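What follows is a set of notes on a single structure, which appears directly below.
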Amino acid sequence: MKKKYKGSSIQSQISLIKRAFEYALDYDYIAKNPFRHITTDRSDSKKIEALSVKDMNRFLDFCSKNNRCAHCYDMIYVLFWTGIRASELCGLTLDNIDMDNRTIKVEKQLQCINHSHVVIPTKTTSGERIIPMTDGVYECFKRILENRYIKGDIEPVCYDENGNEYEGFVFLATRSRKTIVRAHVEEYLCNCIKRFNDANTDHPIRKFEPHCCRHTFATNLQYLPPKTLQYILGHGNISTTMNNYVDVKPSDEQLAQINALANQLITN
């Protein structure tokens, strides 16, 4: 597994196996948990770093103007400015978007399981939440809903593990108009980054995955009340938000912010 997976991924599998043996131990199926003292080195697991505000804005500006990236712009903007997980974004249906109150209801995910797109619950119970729209996100959803179309007037349908039917998915594949999952979002994002770097060879940006957008949102919005930020991100524990998602701002941004705060206090 170490040839293929990161230490954190291996540790997740070990934890699952460990809990299964603990269950067997509790019900006297076994006398000892053979995985109790097994662990792995997670030092190779790098923390996802937020994109700087400058790079985020450069990238979004490019996507909005480039002919081959423009169709991805609204989706990428929503990822950066809502902190939503890619699988949650793919699971959004029309009834989750409240344009009157400018909110997004996150209540499910859409994932690929055994080559089928399956609706599953949010990662945790805390994952069920209502995210407020910024003005920019509101404008994105206006365009998304106005431009949304389906082939042959047939809505793509997906099912949950109990056979319940879901349709009206907000984000659909550009050509096929079928539902999309995280892998599609990653592909769209990767293509846009490549085109950006091809056009900006002197000042490229590093490659990043959709989850980096979530970290960038948390870092940019760290001045919200901590509990508010925790709720928007759907975390059950505030330490997850502050220790794993919020990065320290670059020194130039720190300087600007501390001066702005100092000047505000002086004038008051």
> Out of the range 168-182, which residues are modelled with pLDDT of 90 or more and exposed (fewer than 14 other Cβ atoms within 10 Å of the Cβ)?
Replying inline: 173
> Among the residues of the range 215-228, which ones are aliphatic (A, V, I, L, M), surrounded by 14 or more Cβ atoms within 10 Å (Cβ to Cβ) and over 14 Å from the mean Cα position of the chain (by Cα)?
Replying inline: 221
> Has the range 4-17 got any residue that is open to solvent by 40 Å² or more (accessible area, probe 1.4 Å), of a type in the set (Val, Ile, Thr) and either touching a Ser or Thr at 6+ places or on another chain (Cβ under 7 Å) or in a helix (DSSP H, G or I) (or both)?
Replying inline: yes
> Given 267, 201, 240, which one is open to solvent by less than 60 Å² (accessible area, probe 1.4 Å), out of contact with any His (no Cβ under 8 Å at 6 or more places or on another chain) and of a type in the set (Ser, Thr, Tyr)?
Replying inline: 240
>> Give all pairs with beta carbons closer than 8 Å in which a residue from the range 219-248 that is without any contact (Cβ under 8 Å) to a residue 24 or more places away in the chain meets a residue that is of a type in the set (D, E, K, R); count only pairs at least 6 apart in sequence or on separate chains.
In response: 238/227
> When the range 116-166 is examined, which residues are found to be open to solvent by 40 Å² or more (accessible area, probe 1.4 Å), in contact (Cβ under 8 Å) with a residue 40 or more places away in the chain and of a type in the set (A, V, I, L, M)?
Replying inline: 145
>> Pairs needed: first member in the range 249-268, within 18 Å of residue 51 (Cβ to Cβ) and without any contact (Cβ under 8 Å) to a residue 60 or more places away in the chain; second member anywhere, open to solvent by 100 Å² or more (accessible area, probe 1.4 Å) and not in a helix (DSSP H, G or I); C-beta distance under 9 Å; at least 6 residues apart or different chains.
In response: 254/248; 257/223
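Yes/no matrix, rows are residues, columns are (1) of a type in the set (A, V, I, L, M, F, W, C); (2) free of Cβ contacts under 8 Å to residues at least 40 places away in the same chain; (3) open to solvent by less than 50 Å² (accessible area, probe 1.4 Å); (4) closer than 30 Å to residue 157 by Cβ:
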| site | (1), (2), (3), (4) |
| --- | --- |
| 33 | no, yes, yes, no |
| 37 | no, yes, no, no |
| 41 | no, yes, no, no |
| 49 | no, no, no, no |
| 59 | yes, no, yes, no |
| 74 | no, no, yes, yes |
| 79 | yes, no, yes, yes |
| 87 | no, no, yes, yes |
>> Can you name every one of the strands (runs of 3 or more DSSP E) wholly within the range 77-169 that holds 1 or more residues which are over 24 Å from residue 237 (Cα atoms)?
In response: 109-113, 116-120, 158-160
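The values are calculated or read from the model by the stated rules, or taken from the named source; none is laboratory data. Fair warning: this is a prediction, and the values are worked out from it, not measured in the lab. Heads up, the Cβs are rebuilt from the backbone with ideal geometry, glycines too, and the neighbour counts pull from every protein chain shown. The area values use the complete protein model at the heavy-atom level, side chains included, leaving out ligands, DNA and RNA. Shrake-Rupley method; radii C 1.70, N 1.55, O 1.52, S 1.80 Å.
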